[in-house]
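I have placed the structure first, in the form of structure tokens, so that the comments after it can refer back to it.
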Amino acid sequence: MPGFELIGDEEFSQVKTLFDKSGILFRHSFDALRNGVYMVRDFEEKFAGYMQAKHALAVSSGTAALRVALDGLGIGEGDEVITQAFTFVATVEAIIESKAQPIITEVDQTLNMDPEDLVKKITPKTKVIIVVHMLGVPANMDAIMKIAKAHNLKVIEDTAWGCGGKYHDQYLGTIGDAGTYSFDFAKTMTTGEGGMVLSKDQSVAERCAAYHDHGHENNPNLPRWEDSRSGSGFNYRMSEMQGAVGLAQLEKLPYVVEQQRLQYQKMKDLLAQFTDVSFRKEPEGAYCTADAFVFFAESAEQAKACREALLAEKISTKILPEAISWHFAGTWTHMPELMRQYPELTTAFAKTQALLSRSVALPIMVNTPDDFMQCLERALSQVLERCVVT
Ligand SMILES: *Cc1c(COP(=O)(O)O)cnc(C)c1O
């Protein structure tokens, strides 16, 4: 959650440097006027270095990052792109924008893509799998990469919630062919609005860069107005002001993830005293960003009762159970592209629906009030059964 909690002097100082030394707010050109200040370019280099990735491209949002990555992998009309039923609506929006058909899998007890269902959803038209590390818990990447390889499919990791998390010591977003990040105001690090695409392959990186900038290839031998192009594009550029904020936020990322993980462990310990809850599964080798702590109540009614009791202590839940309609594909009847594929959309993902309906997600912040854990315990004790100590 807390990039926004830590917006302060460091971010301001980077923006001030930009204004004092350069005043050029556009990432390209104006080389003679900018006194060597290239905020977006530096942010990309530092981000790629941090994540140990080959290529990084900053863009205007996490949704744009997905759209750009899909173009980078050559996706268009007639292709099918598979993603999961539990994700933010943006993942499916990006597939629709690329003119591909979204195909949806169930999630399993990790609340991430169910590899068994993934296999069943692959057709000769499938080109890409977008796996989402929902709420900072890594997906079962070993299983998914194996399936992708066997079927010759590309993988995009939607790492909107997974920025700074790892899987078997590799940063999330660097395992598949491309990784996308969101720096919107609710994400682990923020630039107000913004996103990033990481990619492995030089030609994919070049395609992404051109697509996000009206097709500009930024040919070093040509002035920008005569620039070469080899495909259509759009404008998903990041501005220098966002780049400046991103440089400061990246420095705070390890601290944020560390603090979130401490909170996560405290919540896990606290929840262990109740008998009628079970925990969201984490795949082996997971290093979570701990963006939220999810547990399963015994029933949908009990999950709702938990939310009510938490609200009475001024603790809100995150997405689950209250904001399900923005995060569960079975509710997106407003999307004709989904309805075309799934006329019975509201009952099409029964396994996911059953899991999500009894899930409770506790938000994790860096600046937590001292009495937070006590309030949490007081609230949950009213709904859940304690273990009997003998
Ligand atoms: C936030 C989010 C996005 C979109 O990011 P924006 O920067 O808000 O466009 C995409 N996918 C997931 C899973 C998200 O949570």
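Note on region 220-229: residues that are assigned to a loop (DSSP other than H, G, I, E, B) and either of a type in the set (Phe, Trp, Tyr) or within 15 Å of residue 31 (Cα to Cα) (or both) total 4. Filter region 58-89 down to residues that are surrounded by fewer than 24 Cβ atoms within 10 Å (Cβ to Cβ), near the ligand (Cβ under 10 Å from one of its atoms) and not polar (S, T, N, Q) and give me whichever is farthest from the chain's Cα centre (by Cα). Checked region 58-89; the qualifying residue farthest from the chain's Cα centre (by Cα) is 89.
Residues that are touching a helix residue (DSSP H, G or I) at 6+ places or on another chain (Cβ under 8 Å), away from the ligand (no atom under 16 Å from the Cβ), at pLDDT 95 or above and within 30 Å of residue 112 (Cα to Cα) do not occur anywhere in region 217-236.
Can you say whether residue 249 is modelled with pLDDT of 95 or more and touching an Asp or Glu at 6+ places or on another chain (Cβ under 8 Å), as far as the supplied structure shows? Yes: the conditions hold for residue 249.
For region 18-43, a tally of residues being in a loop (DSSP other than H, G, I, E, B) and touching a strand residue (DSSP E or B) at 6+ places or on another chain (Cβ under 7 Å) returns 1. Evaluated against (1) of a type in the set (Phe, Trp, Tyr); (2) surrounded by fewer than 24 Cβ atoms within 10 Å (Cβ to Cβ); (3) within 16 Å of the ligand (Cβ to nearest atom), residue 181 falls short on exactly one condition, (2).
If we keep just the residues of region 83-104 that are in contact with a Lys or Arg (Cβ under 7 Å, 6 or more places away or on another chain) and either small (Gly, Ala, Ser) or in contact (Cβ under 8 Å) with a residue 60 or more places away in the chain (or both), which is farthest from residue 233 (Cα to Cα)?
Here the residue is 103.
Filtered by the rule that a residue be touching a His at 6+ places or on another chain (Cβ under 9 Å) and part of a helix (DSSP H, G or I), region 265-309 gives no residues. Out of 239, 316, one residue alone is modelled with pLDDT under 95, among the polar types (S, T, N, Q) and within 26 Å of residue 7 (Cα to Cα). It is 316. The one condition from (1) within 13 Å of the ligand (Cβ to nearest atom); (2) surrounded by fewer than 23 Cβ atoms within 10 Å (Cβ to Cβ); (3) within 26 Å of residue 354 (Cβ to Cβ) that residue 131 does not meet is (2).
The values are calculated or read from the model by the stated rules, or taken from the named source; none is laboratory data. Bear in mind the structure is a predicted one, so any value in this text is a computation, not a measurement. Neighbour counts are summed over all protein chains in view; Cβ atoms, including those assigned to glycine, are modelled from backbone coordinates with ideal geometry.
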